[in-house]
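The values are calculated or read from the model by the stated rules, or taken from the named source; none is laboratory data. This structure is a prediction, so every number in the text was calculated from the model and none was measured. FYI the Cβ positions are ideal-geometry reconstructions off the backbone, even for glycines, and counts take in every protein chain you see.
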Amino acid sequence: MTGSLIWQESHEEFQRFDRVAIYVEKGRLIFRDQRKLGGLWLANDDEGIREIIGEQGPDALGLTGRDLTERLGLRRGALKSTLMDQSVLAGLGNMLSDEVLWQARIHPERRFGDLDLKERHQLDLCLQRVLRASIKLGAIPRRATWLSSQRSESEAFCPRCQRRLSTGHIGGRTSYWCPSCQAKS
Ligand SMILES: [Zn+2]
């Protein structure tokens, strides 16, 4: 999820990327995002949320070791698609998944079942590290040493080995990876 929620007690002028304003007695809540929304749904309770977004897997934050292995072992497809599948793990989107896999040096199209123990451990560590740093900041940190710093560049290079990054569609989303650091097999 991108964007931010902003509380305003006085009605300032709308900014360019303000998408939604919800008015209540003492002010309004603005949802601001450069990306456009697919839609907006209202739910009264947890049951209503489930009806709208479907069954969610456990929160990826804090899910480590055997619990993580059990969840990721549920799917046989490309690991990146599995990481983004909210019914497997909740909380990882396109950019976070790319960052985690790049930091763990795992090609996004590999299958979880084919990873060795060392790679699974790396995935576990990087998943928690990337999530914690991103939650703290409210966005993926654009550190020069992270993959995310390269995403908006016209020519994207690996911050680790300086090779040109590969891009392609995985799980229906634009993906970035390093052909050198993230070997396919
Ligand atoms: Zn690299």
**Request:** Sort out which residues of the range 1-33 are of a type in the set (A, V, I, L, M, F, W, C), assigned to a loop (DSSP other than H, G, I, E, B) and at pLDDT 90 or above, and write them in order of number.
**Result:** Phe14, Phe17
**Message:** Looking only at the range 152-185, how many residues end up being acidic (Asp, Glu) and within 17 Å of Leu123 (Cα to Cα)?
**Reply:** 0
**Request:** Take the range 90-110 and flag every residue that is at pLDDT 95 or above and either part of a loop (DSSP other than H, G, I, E, B) or not assigned by TED's automatic domain parsing to the domain that holds Ser149 (or both).
**Result:** Arg105, Ile106, His107, Pro108, Glu109, Arg110
**Fill in**
For the range 98-133 the number of residues that are buried (at least 24 other Cβ atoms within 10 Å of the Cβ) and over 16 Å from Lys184 (Cα atoms) is 3
**Asked** Quick check, is Ser87 out of contact with any strand residue (DSSP E or B) (no Cβ under 6 Å at 6 or more places or on another chain), part of a loop (DSSP other than H, G, I, E, B) and assigned by TED's automatic domain parsing to the domain that holds Arg160?
**Response** yes
**Prompt:** Taking the stated definitions as given, is Arg76 within 16 Å of the ligand (Cβ to nearest atom) and in a loop (DSSP other than H, G, I, E, B)?
**Reply:** no
**Request:** For the range 153-180, enumerate the residues that are touching a strand residue (DSSP E or B) at 6+ places or on another chain (Cβ under 8 Å) and assigned to a loop (DSSP other than H, G, I, E, B).
**Result:** Glu155, Ala156, Cys158, Arg163, Leu165, Cys178, Pro179
**Asked** For the range 34-60, how many residues are under 20 Å from Leu137 (Cα atoms), modelled with pLDDT of 90 or more and either β-branched (Val, Ile, Thr) or assigned to a loop (DSSP other than H, G, I, E, B) (or both)?
**Response** 1
**Message:** Among the residues of the range 83-90, are any within 14 Å of the ligand (Cβ to nearest atom) and hydroxyl-bearing (Ser, Thr, Tyr)?
**Reply:** no
**Prompt:** Is the range 153-166 home to any residue that is under 17 Å from the mean Cα position of the chain (by Cα) and away from the ligand (no atom under 16 Å from the Cβ)?
**Reply:** no
**Asked** Is it the case that His121 is without any contact (Cβ under 8 Å) to a residue 12 or more places away in the chain, in contact with a strand residue (DSSP E or B) (Cβ under 8 Å, 6 or more places away or on another chain) and away from the ligand (no atom under 16 Å from the Cβ)?
**Response** no
**Message:** Can you tell me which condition Thr145 does not meet? The list is (1) within 14 Å of the ligand (Cβ to nearest atom); (2) surrounded by 14 or more Cβ atoms within 10 Å (Cβ to Cβ), and all the others hold.
**Reply:** (2)
